[in-house]
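Readers should treat all values here as calculations from the given coordinates under stated rules, not as data from a laboratory. As the structure is a prediction and not an experimental result, all values here were calculated from the model. Glycine also receives a Cβ, built like all others from the backbone with ideal geometry; neighbour counts cover every protein chain displayed.
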Amino acid sequence: MPEVTIVTPVGCIGNRGVDSGALTLAMEKFRPQALAMDAGSMDCGPWYLGAGKEHSPSINIDHDLEAVIGAGLQAGIPVIIGSAGGSGGGRHVDVTVRRIRRIAAERGWHFRLAVVYSDIAQEFLLDLADGGDTVPGTASLADGTALRTEEVKQCASIVGMMGVEPIIDALESGADVVLCGRASDAAVIAAYPIWKGFDPGLSYHMGDIMECGESAAEEIRPTLRGLTHNRIPIVGTIGSDSFVLRPALDTLACTPNSCLMHSFYERSDFRLARFPGGTLDRTDARYEAIDENATRISGARFRREPYSVLLEGVKRVGYRSLFIFGVRTPKMIEQLDAILADVEGIEQKLFGEAGELRIHWHQFGRNAVLQQAERETAAVEVGVIADVIASSQELAHDVAYDLLTRISFWRYPGRTTTAGNTAMTFSPAVFDGGEVFEFNAYHALQIDDHRRLCRQQIIEI
Amino acid sequence: MSGAAARAKVLRSKNAGPFVITLDVIFGTQADFDAVRGSIDPALIAQAYAIPVGDVIGIDFVPELKAMKASYRRRRPCGHPGDPDCYGMNQEQPLARLLDRLGG
């Protein structure tokens, strides 16, 4: 096969949604051999992985699943979806399978669905540790230390970010649709060309630029888009020594600059990128415009390294209640830090024996966004969010309510507002936010065989 | 503002994984790019963000784009209690102040 064309309809399933007209046009005009895209991100924080919930709106997820699977079935080409449900945990995969089953039943579709789970059981890691304090072959991407078994035991959910290998296994099994748990965004797109024998450096580089869909393109003329679902697909065609990227519509362009700039996006290093099994080195990459809309890219290399998979794990650290209030009185704003610290001290004394408790203050209008890095501190009014995290929801709620009452009637020096100090924004004042999670694993795990981490299931829809 | 930050075409911040924030700049003029490239260092970034210099991960440049990238370790991981900017999308202003100072 001299060339392979992959279309990435949308940067993330459910994130604003693919423009169906543009996808139809891409299918007819470019006749791709596969559709590939991800459905997730860890940018939204640890909660979604811990709680097993999706982050995109249901109506957008269903729109995108229907559009891309429908397009793939009609063309008779595989559809590959990574990081199902946002975080790619087992519950995220399962809820996506239920969506796909429902849509298929409504449309009368029949096809082979390969589901690739990438959640990792605590027992698997504890077995590797074999009674030790740490899991051998793990190294934190934050500080290099090994993963402690104590943390593994506390994990509510752990996923391993798959590379191309388990996706290729699924394609080998004749799947029409491959639905992956947590997966490298670039690998989801690179899997098909690597399966067909194309260079892994070029394939991973192509995937790494296409993974956010039209983010790698710029609009060069006004574009007629769908009002609600309006993401424009990106088309990648890979050959033996280069690949070409172009948007589905010619009012957008993949330029050398827009393609190179995508290597900046959400990445700390635009030259090197780690994947399971090796590093993509873009140091010698070349970008050359071939027409108004397209860029030819070559020169990236994939350096083989011992196989390793990134583990992402989260643990529950408590339950949240929060309340929001405004302060407009200059004398109180001057003393706000001290007032909040004093009141917090009272809560620790009053509730400290009832359970673990911590309070974070966000002072919007003052230093909420930049915190210690803020230099401008003259505020006319301040909006405060009191974020209370405690070992139970009931405790967090009670602490929050007690806090707001005390702040509202706190007698600070020079106070004249003797009927109350704060502008309470809502009634009821306290919002219960449920479980709170933190990352407690972000470690590379060296492993001899990807099949020890990923589990494949074939479902005939 | 009338300095290098105001002239920049891109001046942004974003998570690069849950533990790192990355800063991207595409300068508006060659003079701004040259002035900043010639004078910026990890200590200045650390000072701007009130973090230890060891938490600045690197500064890199692409001359043909007039682009700069710098990254630093987050004070708190994304979405942890107390983190004010889960996606890291609004941390560019300390860098803007620094660019105005260095770029003139």
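Using the structure shown, select from A:K29/A:K196; B:K9/B:K69; A:K153/A:K349; A:K315/A:K349 the pairs with a Cα to Cα distance greater than 20 angstrom. Beyond 20 Å between Cα atoms: A:K29/A:K196; A:K153/A:K349; A:K315/A:K349.
So, with +1 on the Cβ of K and R and -1 on the Cβ of D and E, and no other charges, what is the size of the charge dipole of segment A:316-439 about its Cα centre, to the nearest 20 debye?
Computed charge dipole of segment A:316-439: roughly 460 debye.
Measuring between their Cα centroids, segment A:290-316 and segment A:143-182 lie 16 Å from each other. Calculated on the Cα set of chain A, radius of gyration then Dmax: 25.3, 81 Å. When the Cα positions of A:T223, A:A105, A:I209 are compared along the charge dipole of the protein assembly as shown, A:T223 comes out farthest toward the positive end, with charges on each C-beta of Lys, Arg, Asp and Glu. Listed from fewest to most Cβ neighbours within 10 Å, the set A:H205, A:H397, A:H92 follows the order A:H397, A:H92, A:H205.
Counts of other chain beta carbons within 10 angstrom of each beta carbon in peptide B:81-89 average 6. Dimensions of segment A:316-439 based on its C-alpha atoms, expressed as ranges along the principal axes with the largest first, amount to 38, 33, 26 Å. For chain B, with equal point scatterers placed on the C-alpha atoms only and solvent neglected, what are the log10 I(q)/I(0) values from the Debye formula at q = 0.10, 0.13, 0.19 1/Å, to two decimals? Listed by q, the Debye log ratios stand at -0.25, -0.42, -0.88.
For segment A:20-138, rounded, prolate or oblate, judged on the Cα gyration tensor with a ≥ b ≥ c (square roots of eigenvalues), a/c < 1.5 rounded, else prolate if a/b > b/c? It comes out prolate by the Cα gyration axes. Using only side-chain charges placed at the Cβ, +1 for Lys and Arg and -1 for Asp and Glu, the dipole size of chain A relative to its Cα centre rounds to 620 debye. Between the listed residues A:A294, A:T279, A:G318, the Cα displaced farthest toward the positive end of the dipole of segment A:233-331, a dipole computed from Cβ unit charges relative to the Cα centre, is found at A:G318. Reducing segment A:408-446 and segment A:1-45 to their Cα centroids gives an inter-centroid distance of 41 Å. Mean residue ellipticity at 222 nm, helices only, chain A: -9000 deg cm²/dmol; runs of at least 4 DSSP H residues each add -39,500 (n - 2.57), and the sum is divided by the number of residues. Across segment A:159-183, the residues whose backbone nitrogen lies under 13 Å from the label position 7 Å along the beta-carbon direction of A:R112 are A:169-178. The fewest-to-most ranking of A:T149, A:T405 by surrounding Cβ atoms within 10 Å reads A:T405, A:T149. Exposure proxy for A:W47, A:W410: other Cβ atoms within 10 Å of each Cβ, ordered fewest to most, give A:W410, A:W47.
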